[in-house]
Amino acid sequence: MRRDSLCADSPAKSRVTFFSWRCFSVKLLSMISYLEAREKVIARVHAMGRAAETDTVPLREAAGRVLAREIVSDREYPPFDRSIRDGYAVRAADTRLGARLRCLGEIKAGDAPSIPVVAGTCVQIMTGAPLPEGADAVVMVEHTTRQEDRQTALQGDTVQLDRAVKSGQHVVRRGTEQAAGLTVLAAGTRMGFAEIAAAAQVGAVILAVTRKPRVAILTTGDEVVDFAEPPGPFQIRNSNSVSLAAQVSLLVAESVILGNAKDSLDELRAKISTGLAADMLILSGGVSMGKYDLVEPVLRELGAELVFDAVAIRPGKPVVFAMCKGTPVFGLPGNPVSTMVTFELFVRPAIDLLSGELEPHPLPFTDAILTTPLSEKAGLTHFLPARLTWSFKTPRVSPIAWQGSGDVSAMSRANCLLVVPADRERIEAGESVSVLPRRESL
Ligand code: AMP
Ligand code: MG
């Protein structure tokens, strides 16, 4: 169904509706900055206040999941005064340059501390072993000379120190890293490798995590065919459905690919309605001002509240965000690099929040020195595919030659997006610029 017969497919509609703005690919909202747009997404998804459904997973499978319930420590950590060096457990008061202490024995990691240290003595101790009674510090083995005392062999060896230590030196006191019974990881924490270790340390075997959000993906376009099918001479393989699914799964959410909708009101209406049953719907294509860009009119017809429909960025200017029947809906432009960039800027924080994280991850800006001069149209913030290199100290960034937002191969050679602010028409080589490294992992 074409736009010229746009409302003819719903005969009940009045003439007024026929000419209403709902039927046309027009941008009705004013263009906003990408930072404002991000804030609007975050505010809307926060406001949904989704009661997170809970799954349970074994710790081994918890990487990337978000905790639905906090993890509490079952005991103090460390559970004993722990030596953090190989050396000798001593009384700090006995130590000074040249002091000689009698070594009473040794204690290794895992041993119970059975030999108390008394004045003038020490016990050899290994990293991870409990400090024996009487000792209050450890002298590193590198700062000692051990002498076998043959005459007094029965009484043990002598250790000569080349320095003094302070009380508590090279010892981590019991309970100072973690008190017993307190929160180790709060609900809303995304489980990375460090969080997995923290959970393991307190014996969290099974974790309560939030259900992964289900993200429906619907591409649009008469010219778009499945990437596995042979395309006709003027058709385009569907790369957006799989690149979006990859971006979604890198965020540990579940993608549901709904396929491709033709640029037809009937098909869009039906497929968008299906997608609204998911936790979020992402569309690609059909959001510009062309005659067959029908996503926005269909969303309006379905009663969506359009939150924004134009953002001052390139690529990605016609990006749409709406709430439709309680579901957040993103209408991303169809050019593949626009789709990728707008996902990173606007969809990603929404998925963070729908996953149960308390705050979305901030954009990971970093500074780099530009290697070649750049000229871009002022008024829009540009996100250009670029290559970031780290030499000894200073990161440097070079834009990648590209043919614009359809140039997927340029994007596949980029490891970052170079940010050209809206108020800069030209940036010289040697100036410092902001870049957003590509985040392929959390
Ligand atoms: P649109 O946003 O619908 O105007 O599409 C802009 C450009 O992106 C057109 O050249 C489309 O052929 C292309 N395009 C749209 N959808 C896809 C897709 N799913 N995969 C690859 N390219 C696409
Ligand atoms: Mg299109």
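The values are calculated or read from the model by the stated rules, or taken from the named source; none is laboratory data. All values derive from a computational prediction rather than experimental measurement. Using ideal geometry, Cβ is built from the backbone for each residue, glycine included, and neighbour counts are taken over all protein chains shown. Remember, those area values only see protein heavy atoms, side chains included, never the ligands or the DNA or RNA. Shrake-Rupley method; radii C 1.70, N 1.55, O 1.52, S 1.80 Å.
Each peptide in 259-269, 365-375 gets a packing score, the mean of other Cβ atoms within 10 Å over its residues, and the list from highest to lowest is 259-269, 365-375. Checked against a 25 Å cut-off, the cross-linked pairs Lys262/Lys317; Lys212/Lys325; Lys108/Lys166; Lys40/Lys393; Lys40/Lys317; Lys212/Lys271 give Cα-Cα distances beyond that limit for Lys40/Lys393. Computed from the alpha carbon positions, the gyration tensor of the range 71-123 leads to an equivalent ellipsoid with semi-axes of 27, 12, 9 Å, biggest first. Once neighbouring chains are kept in place and the probe is 1.4 Å, which whole percent of the accessible area of the chain is contributed by carbon and sulfur? Whole-percent figure for carbon plus sulfur exposure: 53.
For the range 122-270, give me the percentage of DSSP beta bridges that are antiparallel, rounded to the nearest 5 percent.
35
Backbone geometry of the range 294-301 corresponds, through the Karplus equation with coefficients 6.51, -1.76 and 1.60 at θ = phi - 60°, to 3J(HN,Hα) couplings of 10, 5, 5, x, 5, 4, 4, 4 Hz, x marking Gly and Pro.
Hey, can you find the accessible area per residue of the range 297-422 for me, probe 1.4 Å, expressed in square angstrom? Numbers along the way, then the final one.
Values: 4480 Å² over 126 residues.
Accessible area per residue, the range 297-422: 36 Å².
Based on the reciprocal of the average 1/r between different C-alpha atoms, the Kirkwood radius for the chain equals 26.3 Å.
What the range 157-205 shows is 52 Å² of accessible area per residue, with the surface traced by a 1.4 Å probe over protein heavy atoms. Per-residue ellipticity at 222 nm computed for the chain from its helices equals -4500 deg cm²/dmol, with DSSP H segments shorter than 4 residues left out and the rest contributing -39,500 (n - 2.57). When DSSP beta bridges are restricted to pairs lying wholly in the chain, around 70% turn out antiparallel. Note on the range 78-203: Rg/Rh from C-alpha atoms, Kirkwood Rh, equals 1.11. The Cα center of the range 252-298 and the Cα center of the range 199-238 differ in position by 15 Å.
With one equal scatterer per alpha carbon and no solvent term, the Debye-computed log10 I(q)/I(0) for the range 144-261 at 0.11 1/Å reads -0.70. Among His46, His382, the sequence by solvent-accessible area, most first, with a 1.4 Å probe is His46, His382.
Applying 1/(1 + (r/R0)^6) with r as the Cβ-Cβ distance of Val118 and Glu148 and R0 = 22 angstrom yields a FRET efficiency of 0.55. By the equivalent-ellipsoid construction on the alpha carbon gyration tensor, the range 363-442 comes out with semi-axes of 18, 16, 12 Å, ordered largest to smallest.
Highest mobility in the GNM of the chain, judged by mean-square fluctuation with C-alpha springs under 10 Å and restricted to Val215, Val347, Val224, is found for Val224. In plain terms, if you count all Cα to Cα distances in the range 44-87 and split them into 5 Å steps from zero, the share in each step is 5, 12, 15, 13, 14, 12, 11, 6, 5, 3, 2, 0 percent.
Relative to the current alpha-carbon distance between Phe392 and Asp367, full extension at 0.36 nm per residue lengthens the span by 7.5 nm. Averaged over residues, the count of other Cβ atoms within 10 Å places the peptides 247-258, 195-206 in the sequence 247-258, 195-206, highest first. Scaled to the globular estimate 2.2 N^0.38 Å, the Cα spread of the range 156-205, given as radius of gyration, is 1.87. Each label point was placed 7 Å from the Cα along the Cα-to-Cβ direction; for Ala277 and Ala246 their separation is 2.9 nm.
Normalised by the number of residues in the chain, the mean separation of alpha-carbon contacts (under 8 Å, six or more apart) gives a relative contact order of 17 percent. The trypsin sites (Lys or Arg not before Pro) of the range 74-166 that meet both conditions, a loop assignment by DSSP and at most 10 other Cβ atoms within 10 Å of the site Cβ, are Arg150, Lys166.
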